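Below: one structure, written as structure tokens.
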Amino acid sequence: MPCSCFQSPVTKKIPRETLEKTERHPCYSFGAHHKFARMHLPVAPQCNISCNYCNRKYDCTNESRPGVTSEVLSPVAAGNKFIRVREKIPNLSVVGIAGPGDALANWPETRKTIELIQASDPEVVFCLSTNGLMLPAYAPEIVELGIKHVTVTVNCVDPEIGSKIYRHVFYQGRKYKGIEAARILLENQLAGITYLARHGVLVKVNIVMMIGVNDGHIQAVVKRVKELGAFITNIMPLIPAQGSVFENFSQTPVKALNEMRDLCQEELQQMRHCQQCRADAIGMLYDDRSPEFRSPVEKGRTCAGKELKEKAV
């Protein structure tokens, strides 16, 4: 029996096979997060943009936030780890690649990981998270691989606001800054979302709510991505990361966050159970079991703070 989030007009156009996969995806379905586990494979260390809320460090076994992992895996190591986890977590339904950098800035590794796991388990549901800069380049391959769930982080649809969020982007061998950088990123995000939606991929749009930066603009973002075919949006609180440009910002108040979700719910369905998972999270959304599956080297490692690598693509 589908959960209530699948009763919107949008879902009537979605193939039943895709909806059935979505009903096993804890991030896309509220009901699924009580039943199914997910696994994030950290095979993508490089990133191609610089966000003011990111401190670009990922080596920490004790911290829980997006982009954090205790090690980076090769595609083969990731495939082997998937097999070990699947044996111990029978309700594992989703494999996601969410960093610790950007899945599409490391596309050869991301694609190889997906292909290896597909050969091992054709029934697993795949999910990619990306900043969207390289979506126009790789969206056709994403569709070809049969991936039906992609999350794109879109914090604004106005380059001027984007210039306050992004320091620079690396694109086609060049480094861009300011409004020009934000414009390139936003154009590629919107073009990529459009392509995916038109080819049967369910797009979840993540939006980091930053008070005084983009909070007055979020409704415009939700309206625009809905027009492009987004399936759901996930408005998340800013987590001030030590060492980031925004480290002295206050965390987004829960009350303000929920009020914004309520406003945007009138436009498009909202995810309200996000845990802003690590890039190596394993298990149910509310019960991260990743420490159980760390290698002996990982378990003995302290928070050394390895930095993500930026890659010109």
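The values are calculated or read from the model by the stated rules, or taken from the named source; none is laboratory data. Keep in mind that what you see is a predicted model, and the values were worked out from it rather than measured. Note that we place each Cβ from the backbone using ideal geometry, even for glycine, and neighbour counts take in every protein chain shown. Keep in mind that these areas ignore ligands, DNA and RNA; they rest on the heavy atoms of the full protein, side chains included. Shrake-Rupley method; radii C 1.70, N 1.55, O 1.52, S 1.80 Å.
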The condition from (1) at pLDDT 90 or above; (2) under 22 Å from Ser129 (Cβ atoms) that Leu263 misses is numbered (2)
Within region 27-74, the residues that are at pLDDT 60 or above, of a type in the set (Lys, Arg) and open to solvent by 20 Å² or more (accessible area, probe 1.4 Å) are Lys35, Lys57
Within region 229-251, the count of residues that are in a strand (DSSP E or B), without any contact (Cβ under 8 Å) to a residue 40 or more places away in the chain and either touching an Asp or Glu at 6+ places or on another chain (Cβ under 6 Å) or not aliphatic (A, V, I, L, M) (or both) comes to 2
All conditions in (1) of a type outside the set (Lys, Arg); (2) touching a strand residue (DSSP E or B) at 6+ places or on another chain (Cβ under 9 Å); (3) at pLDDT below 95 are true of Asn214 except (3)
- Task: For Glu307, state whether it is surrounded by fewer than 16 Cβ atoms within 10 Å (Cβ to Cβ) and modelled with pLDDT of 70 or more.
- Result: no
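Answer with yes or no whether Asn258 is surrounded by 13 or more Cβ atoms within 10 Å (Cβ to Cβ), assigned to a strand (DSSP E or B) and modelled with pLDDT of 85 or more.
no
Quick one: which helices (runs of 4 or more DSSP H) sit completely within region 104-217 and have at least 3 residues that are in contact with a Gly (Cβ under 6 Å, 6 or more places away or on another chain) and surrounded by 22 or more Cβ atoms within 10 Å (Cβ to Cβ)?
Answer list for region 104-217: 178-198.
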Filtering region 218-235 down to residues that are touching a helix residue (DSSP H, G or I) at 6+ places or on another chain (Cβ under 8 Å) and open to solvent by 20 Å² or more (accessible area, probe 1.4 Å) yields Gln219, Arg224, Leu228, Gly229
